[in-house]
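Visitor: Dropping the structure in here first, questions after.
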Amino acid sequence: MKTTPTHSLLITFLALVGVCLFLPASLAVAEKPNVVLIYIDDLGYGDLGCYDCNDIPTPHVDRLADEGVRFTASYIVNPPCCPSRCSLIMGQYGQRFGKYGMSRGLPIPEDRPTLAKFMGQNGYVTGQIGKWDIGTKAQGPLQVGFAEVAQKPPKKKGSKYFCTNEAGKTQWLTDYDGDNIVKFIERHKANPFFLYWSPEAVHSRNDEAPASLTERTTAKGKRSKLAGAIVSVDDQVGKLMKALNKHGLRKNTLVIFSSDNGANGSEDGSSAPYRGGKGSGTQQEG
Ligand SMILES: [Ca+2]
């Protein structure tokens with residue numbers, strides 16, 4: 001198919017990602033649909049209800065899959081976190097700019113557009129929430145094109161997932177992110193927006209997952225902790241969709257949901273029905 005450079009970048013972007021994508025039919029006629037890109041850390045293919053997981057309830061993600069489009073033959077260019085994210089933001093294979101493996105800290109090229117710059121230049125308010133892990137330390141979200149970046153909350157001492165919110169209360173970090181998603185939508189509901197949410201969840205270690213989350217799953221043993229973390233991710237998707245509905249934005253918002261790489265076997269994540277997973281070197285997860 002012949003495409004203009006602009007179309008080609010967008011198509012590359014869409015082809016790179018994808019577990020499921022909510023794309024209402026009415027979107028085709030909208031001039032500038034909002035875009036929310038959700039990139040979950042180390043989430044396994046087999047750990048979502050829409051892909052036959054039966055011990056972790058993920059009703060909100062499942063609904064995206066039911067009402068949207070699934071990209072079941074999409075691929076991540078390189079399975080660890082950093083190259084996957086760098087490729088996503090550049091809209092091209094990491095190998096094109098010398099990123100053949102993890103190579104954390106390797107600069108992303110500054111003479112090419114990033115997804116954030118592309119969206120900003122096309123009239124979108126751009127926002128980033130959560131984990132970054134892209135480029136050098138000097139190439140933060142603001143430096144590569146995002147207009148707004150959510151401030152990271154202070155963590156509880158020794159904790160990965162418990163933070164202190166603005167009210168001074170202890171909060172699960174993923175839940176805190178979800179509140180920021182809602183606030184971003186509230187601020188920008190009147191203008192086209194592009195929001196990139198990449199939580200620290202569900203990267204190891206998930207052993208802090210509280211009973212209020214794990215008890216909502218039927219996962220056993222160590223897997224129950226990962227399951228609790230995934231339940232919280234699903235909760236935030238629910239918050240997002242509720243906020244979009246509240247402001248009448250759902251029909252004009254493209255929601256893309258993907259993992260950055262395969263399941264982490266050491267957290268008892270599942271790549272079923274595929275083999276492999278994060279760090280296995282032979283990942284064959286779809
Ligand atoms: Ca990852």
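Read the figures in this text as sums done on the coordinates, not as results from a lab. If you're wondering where the values come from, they're calculated on a predicted model, not measured in any experiment. Counting neighbours? That spans all protein chains shown, and the Cβs are built from the backbone with ideal geometry, glycine included.
Visitor: To make sure I understand the rule: partners must be lysines, Cα under 29 Å from the Cα of LYS157, and not fewer than 8 residues away in the same chain. Which ones qualify?
Guide: LYS131, LYS137, LYS169, LYS183, LYS220, LYS222, LYS225, LYS239, LYS278
Visitor: Collect residues whose amide H, placed 1.01 Å from N in the peptide plane, falls under 5 Å from the amide H of LEU254; neighbours closer than 5 in sequence don't count.
Guide: HN-HN under 5 Å from LEU254: ASN34, VAL35, VAL36.
Visitor: A further question follows. Normalising by the residue count of region 31-267, find the relative contact order in percent from Cα pairs under 8 Å and 6+ residues apart.
Guide: 34 percent
Visitor: Still on this structure: Of all GluC sites (Glu not before Pro) in region 100-184, which ones are in loop regions per DSSP and have a Cβ with at most 11 other Cβ atoms within 10 Å?
Guide: Passing both the DSSP loop test and the Cβ count: GLU110, GLU166.
Visitor: Out of region 96-157, which trypsin sites (Lys or Arg not before Pro) are coil in DSSP terms and have no more than 13 other C-beta atoms within 10 Å?
Guide: LYS137, LYS157
Visitor: Could you run the Karplus curve 6.51 cos²θ - 1.76 cosθ + 1.60 with θ = phi - 60° over region 95-101 and give me ³J(HN,Hα) per residue in whole Hz, x for Gly and Pro?
Guide: Here the 3J(HN,Hα) series is 4, 5, 10, x, 9, 9, x Hz.
Visitor: With +1 on each Lys and Arg Cβ and -1 on each Asp and Glu Cβ, and nothing else charged, work out how big the dipole of the chain is about its Cα centre, in Debye to the nearest 20.
Guide: 500 debye
Visitor: Using the Kyte-Doolittle scale, which helices in the chain average at least -0.5 and also have C-alpha atoms spread 15 Å or more along the helix axis, with helices defined as whole DSSP H runs?
Guide: For the chain, where a helix must reach 15 Å along its axis and average at least -0.5, the hits are 5-16, 223-246.
Visitor: Springs between alpha-carbon pairs under 10 angstrom, Gaussian network model over the chain: which of THR72, THR174, THR114 fluctuates most?
Guide: With Cα springs under 10 Å in the chain, the top fluctuation among THR72, THR174, THR114 is at THR72.
Visitor: By how many nm would the segment from LYS32 to THR218 grow when fully extended, if each residue of separation counts as 0.36 nm and the alpha-carbon distance is taken off?
Guide: 62.8 nm
Visitor: Kindly write out, for region 262-271 in residue order, the coupling ³J(HN,Hα) from the Karplus curve 6.51 cos²θ - 1.76 cosθ + 1.60 (θ = phi - 60°), rounded to whole Hz, with x marking Gly and Pro.
Guide: Working through the residues one at a time gives x, 5, 8, x, 6, 9, 6, x, 10, 9 Hz.
Visitor: Can you give the FRET efficiency to the nearest 0.05 for LYS160 and SER266, using r as the Cβ-Cβ distance and R₀ = 22 Å?
Guide: That gives a FRET efficiency of 0.90.
Visitor: Quick one: Karplus J couplings for region 45-52, per residue in order, coefficients 6.51, -1.76, 1.60, θ = phi - 60°, nearest Hz, x for Gly and Pro?
Guide: 4, x, 10, 10, x, 5, 10, 6
Visitor: Something else now. Tell me the label-point distance for the pair ASN122, GLU186, using the 7 Å Cα-to-Cβ offset, in nm and rounded to one decimal.
Guide: The two pseudo-label positions are separated by 2.9 nm.
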